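Notes for the one structure printed next.
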Amino acid sequence: MAMTRAEYDRPHIPQKDFSTVQDVATLLMTSEGKVRELSRRKANPLPFRCFENSRRGMFISRSELAAWVKRNTVLVEGGYGTPYVDCDCSLEEPFTIVYGHHMDDGSVFADFASYSDADYAREHQMINLYTRADNQRHELRVASIDVVNASYETLQTEFEDEGELADHVSACLAQSDVVLERQTDVDHLYAFATCSYETWNSCTVVYATPAAMGAG
């Protein structure tokens, strides 16, 4: 991917023992708001420090930042990158979002863009998900497909309680553009997302559940 002029002009942050929020945002090529959000999340937050009775002037040590990055990223093994789980999700949580590139040569997540065609989706309804941590193959069944404009239709990752999560899962499945199965009482919902280019910022999201659940 070519660098934009803004990325090319991004200030260089030299290695130092402690980094500010602004430093980390530059290193991770994200916004300061996102960095602060990651520092406040309940599961595995960015381990910033501050002086007692103060939330201003947060800083993080180089070793703690490096350890956090290793825990929350995967090593890129090919020229096109590798699919990755949203930083606010995990494979163990009830809602897992997985992103991957849509390459012109049909690699990575390109096939997921074809699921917006209902006939294609029905013919390829079963998905095999291999997880490295437990070296297992998990059979998933596609329930619905939604084509969204990623500029303003974002995927929600944080929920107040189990009730809000259940309502969100039901809405995702019921309000999608293509619905293959009506499901209730979903224990684990997977969302596979990739660019699909219906518009300049369109994204196809394929929702799937463990095959053992079956149709509702």
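The values are calculated or read from the model by the stated rules, or taken from the named source; none is laboratory data. Everything numeric here is computed off the predicted structure, so don't read it as measured data. Here the Cβ is made from the backbone with ideal geometry for all residues, glycine too, and neighbour counts use every protein chain on show. Areas reflect the complete protein model, heavy atoms only, side chains present, ligands, DNA and RNA absent. Shrake-Rupley method; radii C 1.70, N 1.55, O 1.52, S 1.80 Å.
Summing Lys and Arg as +1 and Asp and Glu as -1 over all other residues whose Cβ lies under 10 Å from the Cβ of VAL142 gives a net charge of +1. Note: segment 27-66, Cα convex hull, 84 Å³ per residue.
For segment 18-55, which GluC sites (Glu not before Pro) pass both filters: DSSP loop (anything but H, G, I, E, B) and at most 14 other C-beta atoms within 10 Å? The partial results should precede the final answer.
Numbers: sites: GLU32, GLU37, GLU52; in loops: GLU52.
Taking segment 18-55 and a limit of 14 other Cβ atoms within 10 Å, the loop GluC sites (Glu not before Pro) found are GLU52.
In whole percents, the pair-distance distribution calculated for segment 84-216 from its alpha-carbon pairs, binned every 5 Å from zero, is 2, 10, 20, 26, 22, 14, 5, 1, 0. Charge tally for ARG122 (other residues, Cβ to Cβ under 13 Å; Lys, Arg +1; Asp, Glu -1): -3.
Summed over the residues of segment 14-65 and divided among them, the accessible surface reaches 69 Å² per residue at a probe radius of 1.4 Å. Taking every protein chain into account, the accessible area of segment 111-198 amounts to 61 square angstrom per residue (probe 1.4 Å). 3J(HN,Hα) along segment 160-168: 5, 7, 5, x, 5, 4, 4, 5, 5 Hz, from the Karplus curve 6.51 cos²θ - 1.76 cosθ + 1.60 with θ = phi - 60°, whole Hz, x for Gly and Pro.
Is segment 108-171 best put as rounded, prolate or oblate by its Cα gyration tensor, with a ≥ b ≥ c the root eigenvalues, rounded for a/c under 1.5, and otherwise prolate when a/b is larger than b/c, oblate when not? Because a/c hits 1.5 or more and a/b fails to exceed b/c, segment 108-171 counts as oblate.
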